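K.L.:
Handing you this structure, nothing more for now.
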Amino acid sequence: MTTGLPKELQGVVPGCKKALHLETLDKSKLGAPFFFVLAQSAERLFQGRFQESLGFATNVLDFCWEKLNTGHWKDVDICWREVFTFGSLFKAICQYGMRDRFNTMDAIKTCDLGLLMGAPVLDNILTRLVAVLQNSARGTTKRPQEQCSTPAVTSQVPKRPRTLILPVIDSERKVPRVHCPSLKSFLLNYMRKRQPVIIQSNMDHWPARNHRPWSLDYLRQIAGCRTVPVELGRRYTEETWSQALMTVDEFIDKYIVQKSSDVGYLAQHQLFDQIPELREDIRVPDYCCLGDGDEDDIVINAWFGPKGTVSPLHHDPQHNLLAQVVGSKYVRLYAEEVSDCVYPHEGHLLHNTSQVDVENPDLQQFPRFNSAPYLECTLEPGEMLYIPPRYWHYVRSLDVSFSVSFWWS
């Protein structure tokens with residue numbers, strides 16, 4: 001029975017409480033009283049009693065929020081993240097059903113919080129629900145009109161004058177560039193040898209680099225109303241560094257367009273899982289198939305920010321292809337063998353991050369750093385940089401920049 005649900009959502013949301021399969025949740029961990037509150041929210045939702053359902057859903061989310069923010073994230077039981085998703089689902093439907101009190105953007109924000117903090121349930125129902133809500137907010141079911149352009153199209157992101165110091169790349173230290181190596185060549189000459197390399201012309205077929213170029217206007221159209229986590233501060237190693245939730249529109253306005261004195265960076269975020277429309281604009285490089293896992297095991301992250309964003313010198317445990325869609329970045333790389341010369345932080349939390357400010361090192365405090373050999377490059381739009389596992393890398397954006405990283409084992 002679907003009479004209690006808003007008509008526009010009946011093709012996405014299950015038709016009755018039973019179809020939610022709440023009984024699969026771990027009641028022994030949730031507790032009977034809490035599960036009762038969750039069930040009551042669902043019961044009233046399908047009866048169209050949105051005000052009452054919203055009250056129960058809000059209580060569910062408040063209790064789950066405490067669970068999700070106590071201790072380390074990795075130690076949070078999956079059942080609390082699943083319940084947070086259900087609570088977000090119920091709340092978003094109620095908000096949409098009570099449009100005399102809420103607008104559609106409220107429901108979209110609720111879905112995004114569920115996607116960010118929860119765990120997928122019902123075949124990732126929040127992703128499907130938020131797509132319907134977004135189309136409702138746009139007043140159309142069509143994506144922005146495609147542009148007739150060639151693969152050489154520019155980024156269409158306005159470039160400001162480069163007032164930052166531009167690095168001069170040492171010819172003896174520059175990362176080699178190759179044109180679309182074969183899988184065999186990439187495996188034998190770079191991946192197995194743990195050799196960084198810039199791959200050219202391998203992104204020309206991406207819609208984001210071709211007929212749907214990523215401009216600020218395009219990103220606003222596709223994702224402007226979506227809530228994302230933004231890093232605030234120049235480096236994550238600084239005490240003043242923090243994070244905040246805001247919409248993509250708010251992020252662009254404050255940190256890209258208005259030239260805020262603060263630095264905001266949408267960094268290391270799985271944006272393409274959250275917004276599948278953007279995922280359609282990129283392609284997983286074939287080189288990632290040389291790993292041990294399936295394509296579903298590849299972690300795809302977005303890195304979007306103004307010029308001047310910095311990722312301190314650090315290393316990651318997986319293979320990495322850093323694909324530059326918009327803007328340019330300066331990258332410096334140090335092999336794992338010179339780890340002692342880059343002075344990693346002591347302690348577990350930042351053990352993979354150097355204490356050294358790469359472009360302004362304190363050589364009295366870190367004397368060995370100056371003798372460490374390194375490679376460097378300016379990564380240009382349409383290029384992707386292969387970074388081997390545990391290879392130290394420092395990254396600074398030279399323009400408004402959008403990069404996509406692919407991590408695989």
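K.L.:
Would you calculate a helix-derived [θ] at 222 nm for the chain, using -39,500 (n - 2.57) for each DSSP H run of n ≥ 4 and dividing by the full residue count, to the nearest 500?
P.N.:
-8000 deg cm²/dmol
K.L.:
How high is the FRET efficiency from K7 to Q47, r the C-beta distance, R0 22 Å, rounded to 0.05?
P.N.:
The computed FRET efficiency comes out at 0.90.
K.L.:
A follow-up question, please. Over the stretch 365-409, with every protein chain in place, what whole percent of the accessible area is carbon and sulfur at 1.4 Å, could you tell me?
P.N.:
Details: 620 of 1220 Å².
For the stretch 365-409, the apolar C and S fraction of the accessible surface comes to 51 percent.
K.L.:
Okay, moving on. So if I take the centroid of the Cα atoms in the stretch 263-281 and the same for the stretch 50-76, what is the distance between those two points in Å?
P.N.:
A separation of 25 Å, based on Cα centres.
K.L.:
Please get the size of the charge dipole for the chain, origin at its Cα centre, with Cβ charges of +1 on Lys and Arg and -1 on Asp and Glu, quoted in debye to the nearest 20.
P.N.:
Values: 44 positive and 48 negative charges, 180 e Å.
Approximately 860 debye in magnitude.
K.L.:
Once each part is reduced to its C-alpha centroid, what is the distance from the stretch 16-38 to the stretch 324-371 in angstrom?
P.N.:
Cα centroid of the stretch 16-38 versus Cα centroid of the stretch 324-371: 49 Å apart.
K.L.:
Also, quick follow-up: Once the Cα gyration tensor of the stretch 299-362 is diagonalised, what are the square roots of 5 times its eigenvalues, in whole Å and ordered largest first, as equivalent ellipsoid semi-axes?
P.N.:
22, 15, 12
K.L.:
How would you order 276-284, 303-311 from highest to lowest mean count of nearby Cβ atoms within 10 Å?
P.N.:
My ranking of the peptides, most packed first, is 303-311, 276-284.
K.L.:
I've got another one for you. Taking the mean number of other Cβ atoms within 10 Å as a proxy for protection, how do you rank 333-344, 218-229, 291-302, 107-118 from highest to lowest? Don't jump to the answer; show the numbers that get you there.
P.N.:
Numbers: 333-344: 17.2, 218-229: 19.7, 291-302: 13.8, 107-118: 23.7.
Descending mean neighbour count gives 107-118, 218-229, 333-344, 291-302.
K.L.:
Which residue fluctuates most in the GNM of the chain (Cα springs below 10 Å): H269, H72, H351?
P.N.:
Result for the chain, Cα springs under 10 Å: H72 fluctuates most.
K.L.:
How far apart, in nanometres, would the label points at I78 and H351 be if each is projected 7 angstrom from Cα along the Cα-to-Cβ direction?
P.N.:
If labels sit at I78 and H351, their model points lie 2.6 nm apart.
K.L.:
Relative contact order of the chain: what whole-number percent is it, with Cα pairs under 8 angstrom and at least 6 residues apart?
P.N.:
Computed over the chain, the figure is 15 percent.
K.L.:
Given R₀ = 60 Å, what would the calculated FRET efficiency be for I169 paired with N103, taking r from the Cβ atoms and rounding to 0.05?
P.N.:
0.75
K.L.:
Ignoring any ligand, DNA or RNA, what whole percent of the accessible area of the stretch 199-248 comes from carbon and sulfur when the probe is 1.4 angstrom? Show your work: numbers first, answer last.
P.N.:
Working: 910 of 2010 Å².
That fraction is 45 percent.
K.L.:
Hey, another quick one. What does the extension gain come out to for C289 and D204, with contour length at 0.36 nm per residue minus their alpha carbon separation? Spell out each step's value before the answer.
P.N.:
Working: separation 85, 0.36 × 85 = 30.60 nm, distance 1.92 nm.
Gain on stretching C289 to D204: 28.7 nm.
K.L.:
Relative to the longest principal Cα axis of the chain, at what angle does helix 125-138 sit, 0 to 90 degrees, rounded to 10?
P.N.:
Around 90 degrees separate the two axes.
K.L.:
Per residue, how much accessible area does the chain show when a 1.4 Å probe rolls over the protein heavy atoms, in square angstrom? Intermediate values should be presented prior to the final figure.
P.N.:
On the way: 19400 Å² over 409 residues.
Per-residue value: 47 Å².
K.L.:
Let me know the charge dipole size of the stretch 201-261 about its Cα centre in debye, to the nearest 20, where only the beta-carbon of Lys, Arg (+1) and Asp, Glu (-1) is charged. Present the calculation step by step, with values, prior to reporting the outcome.
P.N.:
Details: 8 positive and 8 negative charges, 30 e Å.
Dipole about the Cα centre, nearest 20: 140 debye.
K.L.:
Let me ask something else. Along Cα→Cβ, 7 Å out, is where each label goes; now give me the distance between the ones at K27 and V257 in nm to one decimal.
P.N.:
Each label point lies 7 Å from its Cα, and together they span 5.2 nm.
K.L.:
Let me ask something additional. Mind pulling the per residue volume of the convex hull built on the Cα atoms of the stretch 340-409? Å³ is fine. Write out the running numbers ahead of the final one.
P.N.:
On the way: hull volume 9.1 nm³, N = 70.
Hull volume over Cα atoms, normalised by residue count, gives 130 Å³.
K.L.:
Quick one: work out Rg over Rh on the C-alpha atoms of the stretch 20-143, Rh as Kirkwood radius. Write out the running numbers ahead of the final one.
P.N.:
Numbers: Rg = 14.3 Å, Rh = 14.7 Å.
Radius of gyration over Kirkwood radius for the stretch 20-143 works out to 0.97.
K.L.:
Tell me, what is the Rg over Rh of the stretch 271-409, with Rh the Kirkwood radius over Cα pairs?
P.N.:
With Rh from the inverse mean 1/r over Cα pairs, Rg/Rh is 0.99.
K.L.:
Suppose every K and R has +1 on its Cβ and every D and E has -1 on its Cβ; what is the size of the dipole of the stretch 31-113 about the Cα centre, in Debye to the nearest 20? Spell out each step's value before the answer.
P.N.:
Values: 9 positive and 10 negative charges, 36 e Å.
It comes to approximately 180 debye.
K.L.:
In the neighborhood of S242, defined by Cβ-to-Cβ distances under 14 Å, what is the net charge if each Lys or Arg adds +1 and each Asp or Glu adds -1?
P.N.:
Details: positive: R234, R235; negative: E231, E238, E239, D262.
Local net charge: -2.
The values are calculated or read from the model by the stated rules, or taken from the named source; none is laboratory data. Predicted model only: the values in this text are computed from it and were never measured. For neighbour counting, all protein chains shown are included, and Cβ atoms are generated from backbone atoms with ideal geometry for every residue, glycine included. All accessible areas refer to the heavy atoms of the entire protein, side chains included, with ligands and DNA or RNA removed. Shrake-Rupley method; radii C 1.70, N 1.55, O 1.52, S 1.80 Å.
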